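The values are calculated or read from the model by the stated rules, or taken from the named source; none is laboratory data. Small disclaimer: the values here were computed from a predicted structure and weren't measured. A quick note on method: Cβ atoms are made from the backbone with ideal geometry, for glycine too, and the neighbour counts reach across all protein chains shown. These area figures cover heavy atoms from the full protein model, side chains too; ligands, DNA and RNA do not enter into them. Shrake-Rupley method; radii C 1.70, N 1.55, O 1.52, S 1.80 Å.
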Amino acid sequence: MSPLFAKVWMRNCRVWRKYVTASLIGNLGQPLLFLAAMGFGLRGEITDINGMTYLQFIAPGLVTSAVMYSAAFETTYGSYTRLSTQRTYEAILMTLLTPSDLALGEITWGATKGIISGFVMFAAFPIFGVTPAATSVFLFPVLFLEGMAFASLGLIMTSLARNYEFFNYFTSLFITPLFLFSGIFFPLENLTPWIQGIIRVLPLAHVVEASRVLCYGGSMGDVLVGVSVTAFHAAAFTWIATILLRRRLIK
């Protein structure tokens, strides 16, 4: 890989600026609606969890879900369009860029879109009466690692896909279960131990716990674990996505 991957990032950024409003609404609509509906609608019905109101409890996790959705969708539907419909990849590979540069450019752009969505979601906290601690500034490097992990996963799916319907497996069987069962809406301790074990191997749960600690305080050990696990996921998925995309492009 070389610094040339930045040219792919710049190309995608220029295109995205033309439809930035629609893109942000599409990526942020669901997490913001969940925050409003469940945070306000259920706050009188659910007692405090670990010293937090229910709205405070779910808010950091919904930021991580915004990053997940934005990064994963960019490198599935967005990347597949550039691969198969627009044939942008073919044009890029006629230049000095290699498939590895292309893969890293797509992944870093997906992570960038993820962190933009996460930041906008985080900035909306005061509207809902949520005031995070000063340590929350350290949340964004963690969210970028999360974005790299989910953007890589999305590009793995794109490398294997033969049509858009293929992504239904990824969103319905992987992304949606992660959204519902990774500790965003209830403590993981409510689940049976073997289900907790499965959830903690997957990419989102550790980020949710780390984001909650960084927003309200708690054990920094949880943050270190979250960062370590997420960094491992990001590196491993990036490596796999690069190999699979190269194989898809060079036949």
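See the values below:
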| quantity | calculated |
| --- | --- |
| GLY44 being in a loop (DSSP other than H, G, I, E, B), open to solvent by 10 Å² or more (accessible area, probe 1.4 Å), at pLDDT below 95 and of a type outside the set (Val, Ile, Thr) | yes |
| Failed item in (1) in contact (Cβ under 8 Å) with a residue 60 or more places away in the chain; (2) open to solvent by 10 Å² or more (accessible area, probe 1.4 Å); (3) in contact with a Cys (Cβ under 9 Å, 6 or more places away or on another chain), with VAL130 passing the rest | (2) |
| Only one of SER211, SER152, SER117, SER159 that is part of a helix (DSSP H, G or I), over 16 Å from the mean Cα position of the chain (by Cα) and either buried (at least 21 other Cβ atoms within 10 Å of the Cβ) or at positive phi (or both) | SER159 |
| Candidates LEU104, LEU145, LEU96, LEU83, filtered to the one that is touching a residue at least 60 places away in the same chain (Cβ under 8 Å), open to solvent by 10 Å² or more (accessible area, probe 1.4 Å) and under 11 Å from the mean Cα position of the chain (by Cα) | LEU145 |
| Search result, residues across region 178-205 that are among the polar types (S, T, N, Q) and either open to solvent by 30 Å² or more (accessible area, probe 1.4 Å) or outside any loop (DSSP other than H, G, I, E, B) (or both) | ASN190, THR192, GLN196 |
| Of the criteria (1) in contact (Cβ under 8 Å) with a residue 24 or more places away in the chain; (2) within 22 Å of the chain's Cα centre (by Cα), which one PHE181 fails | (1) |
| Residue within region 162-169 that is within 22 Å of GLN30 (Cβ to Cβ), buried (at least 18 other Cβ atoms within 10 Å of the Cβ) and in contact (Cβ under 8 Å) with a residue 40 or more places away in the chain present | yes |
| Complete set of residues in region 214-236 that are open to solvent by less than 20 Å² (accessible area, probe 1.4 Å) and over 16 Å from LEU62 (Cβ atoms) | VAL223, GLY226, THR230, HIS233, ALA234 |
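Quick grid of which residues meet (1) under 16 Å from the mean Cα position of the chain (by Cα); (2) at pLDDT 95 or above; (3) outside any helix (DSSP H, G or I):
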site: CYS215; (1), (2), (3): no, no, no
site: GLY218; (1), (2), (3): no, no, yes
site: ASP222; (1), (2), (3): no, no, no
site: HIS233; (1), (2), (3): yes, yes, no
site: ALA236; (1), (2), (3): yes, yes, no
site: LEU244; (1), (2), (3): no, yes, no
site: ARG247; (1), (2), (3): no, no, no
site: LYS251; (1), (2), (3): no, no, yes
